[in-house]
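Below is one structure, written out as structure tokens; the observations come after it.
The values are calculated or read from the model by the stated rules, or taken from the named source; none is laboratory data. Keep in mind it's a predicted model, so treat the numbers as computed, not measured. A quick note on method: Cβ atoms are made from the backbone with ideal geometry, for glycine too, and the neighbour counts reach across all protein chains shown.
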Amino acid sequence: MGLNVQLQKKVSGFSLNVAWDMENELVVLFGHSGSGKSMTLQLIAGLADPDEGRICFGDKVLFDRALGINLPPQKRSVGYVFQDRVLFPHMTVWENIGYGLKKCPKAEKQDRIRQMIRLLYLEGLENKHPGQISGGEKQRVTLARALIGRPEVLLLDEPFSALDNPLRIEMRELLRDVQRQFNVPIILVSHDMLEAYSIGDKIVLYSQGKIAGTGTPQEVFSSPLSSEIDLYLSLNFPLLISRH
């Protein structure tokens, strides 16, 4: 199923007006901080309400201002990984992963936690607390907690920004594995050109609350698109790979 997003939102002098869609793929929302990428994720997840617009996942309408539809976050089947890797410090890795399955039968809950631990390479860490594990391990725990509820779409808000470069590369590869294993569409917010280029199936280029361009990484970063996009990239990302 595909996700279709049409959003308008004004906050404190900033205006977001974007429209894009995706299939079962990994889409990178790319652009500088303050361009509306994280706000888009919040609107999709139901953590904030658009002023106008529509959000659909296949035939399921998550939000439609004209029709008066606005599903609460818990009914949107969205997994969300925040930039600061919010884990409960007093809970173990096992407890953090299982936190989102409060209404799940105990035996099924334990089976699903074990599955997530195995799939995200967390064996041996089950009884450790967040303060006892590495940054990369914390990120895998956060991913496990977001995925254990079997969401229909996974939202990632610059999840690797606090990691050093070797760990960032490792996590990008893991994210590709996650997409294949769970067959879930992924939206990744990033202002890292290399990350966007290396991991995205599709790039949605954000500029000041609007869409400056969309396409594959090769189309957005390597091919001449339009003078507006070329100017935006040359001014904001001067170290970008050479354009032809």
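Please return the ranges of helices (runs of 4 or more DSSP H) entirely within segment 115-211 where 2 or more residues are under 14 Å from residue 83 (Cα atoms) and at pLDDT 90 or above.
Filter on segment 115-211 gives 135-147.
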> Out of segment 164-192, which residues are farther than 25 Å from residue 45 by Cα and hydrophobic (A, V, I, L, M, F, W, C)?
Replying inline: 167, 169
> Hey, among 140, 112, 76, which residue is in contact with a Leu (Cβ under 8 Å, 6 or more places away or on another chain) and closer than 17 Å to residue 161 by Cβ?
Replying inline: 140
> Condition test on residue 30, is it aromatic (Phe, Trp, Tyr) and crowded, with 22+ Cβ neighbours inside 10 Å?
Replying inline: yes
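A quick yes/no check of all residues on (1) over 17 Å from residue 186 (Cα atoms); (2) loosely packed, with under 14 Cβ neighbours inside 10 Å; (3) of a type in the set (Ser, Thr, Tyr):
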site	(1), (2), (3)
44	no, no, no
50	yes, no, no
54	yes, no, no
63	yes, no, no
71	yes, no, no
79	no, no, no
89	yes, yes, no
100	yes, no, no
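Would you check if residue 9 is free of Cβ contacts under 8 Å to residues at least 40 places away in the same chain and either buried (at least 20 other Cβ atoms within 10 Å of the Cβ) or farther than 21 Å from residue 154 by Cβ (or both)?
No; evaluated as a whole, the condition is false for this residue.
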> Name the residues in segment 41-52 that are without any contact (Cβ under 8 Å) to a residue 60 or more places away in the chain, under 20 Å from the mean Cα position of the chain (by Cα) and not in a loop (DSSP other than H, G, I, E, B), would you?
Replying inline: 42, 43
> Which residue pairs have Cβ atoms under 8 Å apart, sit 6 or more places apart or on different chains, and have a first residue in segment 176-201 that is assigned by TED's automatic domain parsing to the domain that holds residue 119 and a second that is assigned to a strand (DSSP E or B)?
Replying inline: none
> residue 1 versus (1) over 13 Å from the mean Cα position of the chain (by Cα); (2) outside any loop (DSSP other than H, G, I, E, B): which is the lone unmet condition?
Replying inline: (2)
> Taking segment 53-70 only, how many residues are within 20 Å of residue 22 (Cα to Cα) and not in a strand (DSSP E or B)?
Replying inline: 2
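Residue check: is residue 118 assigned by TED's automatic domain parsing to the domain that holds residue 177 and either among the acidic types (Asp, Glu) or over 17 Å from the mean Cα position of the chain (by Cα) (or both)?
So residue 118 fails the test.
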> What tally of residues in segment 112-150 results from selecting those that are surrounded by fewer than 20 Cβ atoms within 10 Å (Cβ to Cβ) and farther than 18 Å from residue 91 by Cα?
Replying inline: 6
